[in-house]
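Each reported figure results from applying straightforward, stated rules to the coordinates on display, with no laboratory input. Quick caveat, the model's predicted, so the values are computed rather than measured. Backbone-built Cβ (ideal geometry, glycine too); neighbour counts: all protein chains shown.
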Amino acid sequence: MTVAIKGPLTSIVAGLVFLLIGISSAHAQSYFCSRPGEPSIPDGSYEERWEMESAQDEVQDYINQMNEYLECLRNESSDARDEARRVQSEMNDAISNFNSR
């Protein structure tokens, strides 16, 4: 439930909510989720079979780690949205209390 507020605070509150969403998303991506580094992929022209098999294993490990990273980002993004909604709700409650004085 959004509470109508008297005065210019409406745009400030909306701006803060969007700022929180942006900060939470950026924070989640850089702090909680660790992006895997790309593996080295050989040219294939001069490598031995074992080198190509090793590179293939490294690529598969990278794909698995990238899938875990993407899942982490989805979870963090969801958590950030929930947090922003909670903060917005708390602010709306505070505004409502303020306006009813």
Can you list residue pairs whose Cβ atoms sit under 7 Å apart, with the first residue in the stretch 63-80 being in contact (Cβ under 8 Å) with a residue 24 or more places away in the chain and closer than 10 Å to PRO36 by Cβ and the second being of a type in the set (Lys, Arg) and surrounded by 12 or more Cβ atoms within 10 Å (Cβ to Cβ)? Count only pairs 6 or more apart in sequence or on different chains.
TYR69/ARG35
Taking PHE98 as meeting all but one of (1) within 30 Å of the chain's Cα centre (by Cα); (2) in a helix (DSSP H, G or I), write down the number of the exception.
(1)
